[in-house]
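The values are calculated or read from the model by the stated rules, or taken from the named source; none is laboratory data. Quick caveat: nothing in here was measured; it's all calculated off a predicted structure. All Cβ positions, glycine included, derive from the backbone under ideal geometry; neighbour counts span all protein chains shown. Just the protein is used for accessible areas: all its heavy atoms, side chains included, with ligands, DNA and RNA removed. Shrake-Rupley method; radii C 1.70, N 1.55, O 1.52, S 1.80 Å.
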Amino acid sequence: MIKRVETGIPGMDEILHGGIPERNVVLLSGGPGTGKTIFSQQFLWNGLQKGEPGIYVALEEHPVQIRQNMAQFGWDIKPYEDRGMFAMVDAFTAGIGRSKEYEKYIVHDLTDLREFIDVLRQAIKDIDAKRVVVDSVTTLYINKPAIARSIILQLKRVLAGTGCTSIFVSQISVGERGFGGPGVEHGVDGIIRLDLDEIDGELKRSLTVWKMRGTSHSMRRHPFDITDEGIIVYANKILRRGGIVEI
């Protein structure tokens, strides 16, 4: 039997037929405003509720802002940081300003992948992490797309080797058909794509599981909402050009 990691996101584990297979690295791909960051933070928070330590690698936002944004959904991670169950890896500030006073794990040079991996590995070891989010992994290769797949594979080797189940947030532009970087889709175990489409003059959110090694999954496009308590996926509905229909 394959051990699964439940996302805890309402409706999502139903679509995944039980959850993400343990140690999988999942690419969470989507354009702006699709809910990628909320999805990944909810995944970590739900892990904490199950006693599974988690790490959030901040590449696009200040760690202080991330903590505040999570708290707005009722996800107060400070007590878990104090108990050594949650760690923030600051790969955003490079230790400039007051971050070095507050953050324990800081990546000073983003162009040095070895330093990035060393800091991440130390954080995983210190808290015995089970779940890891990198938001967004695209930042690591945006100026050097030719080595995107190589970077993904190096990170995957470390994370799967330490027993973590991981989500790599991947940025794509509006209307882009790919998943955010040449070859990255072949270097990961799973792909979940979030979309925001205009249907009958209204923007609708939906997600599709494009692949997930180790499990069968829904092959349909399911609508989801972002609420005050996070994301809710409607496993019993699908999104078509004509609108949302129940299944």
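Could you please let me know if Val188 is in contact with a His (Cβ under 6 Å, 6 or more places away or on another chain), open to solvent by less than 10 Å² (accessible area, probe 1.4 Å) and either over 30 Å from Asp76 (Cα atoms) or in contact (Cβ under 8 Å) with a residue 12 or more places away in the chain (or both)?
On the way: in contact with a His (Cβ under 6 Å, 6 or more places away or on another chain): no; open to solvent by less than 10 Å² (accessible area, probe 1.4 Å): yes; either over 30 Å from Asp76 (Cα atoms) or in contact (Cβ under 8 Å) with a residue 12 or more places away in the chain (or both): yes.
Taking the combined requirement at face value, the residue does not satisfy it.
Test Lys78 against the criterion of being at pLDDT 95 or above and touching an Asp or Glu at 6+ places or on another chain (Cβ under 6 Å), and give yes or no. So that I can check it myself, show each step before the final result.
On the way: at pLDDT 95 or above: yes; touching an Asp or Glu at 6+ places or on another chain (Cβ under 6 Å): no.
Taking the combined requirement at face value, the residue does not satisfy it.
Of the conditions (1) within 28 Å of Gly230 (Cβ to Cβ); (2) assigned to a loop (DSSP other than H, G, I, E, B), Met88 satisfies every one except a single condition; which number is it?
(2)
Scan the stretch 145-168 residue by residue and report those that are hydroxyl-bearing (Ser, Thr, Tyr) and part of a strand (DSSP E or B).
Thr165, Ser166
Mind checking which residues of the stretch 98-123 are open to solvent by 100 Å² or more (accessible area, probe 1.4 Å) and either in a loop (DSSP other than H, G, I, E, B) or β-branched (Val, Ile, Thr) (or both)?
Kept after step one, since they are open to solvent by 100 Å² or more (accessible area, probe 1.4 Å), are these residues of the stretch 98-123: 98, 100-102, 104, 108, 111, 114, 121.
Arg98, Lys104, His108, Thr111, listed by residue number.
Please find, within the stretch 1-46, the residue that is modelled with the highest pLDDT out of those that are more than 13 Å from the chain's Cα centre (by Cα), aliphatic (A, V, I, L, M) and open to solvent by 30 Å² or more (accessible area, probe 1.4 Å).
In this case the residue turns out to be Ile2.
Would you confirm, using the coordinates I've provided, whether Gly95 is open to solvent by 30 Å² or more (accessible area, probe 1.4 Å), among the small types (Gly, Ala, Ser) and more than 22 Å from Gln171 (Cβ to Cβ)?
So Gly95 fails the test.
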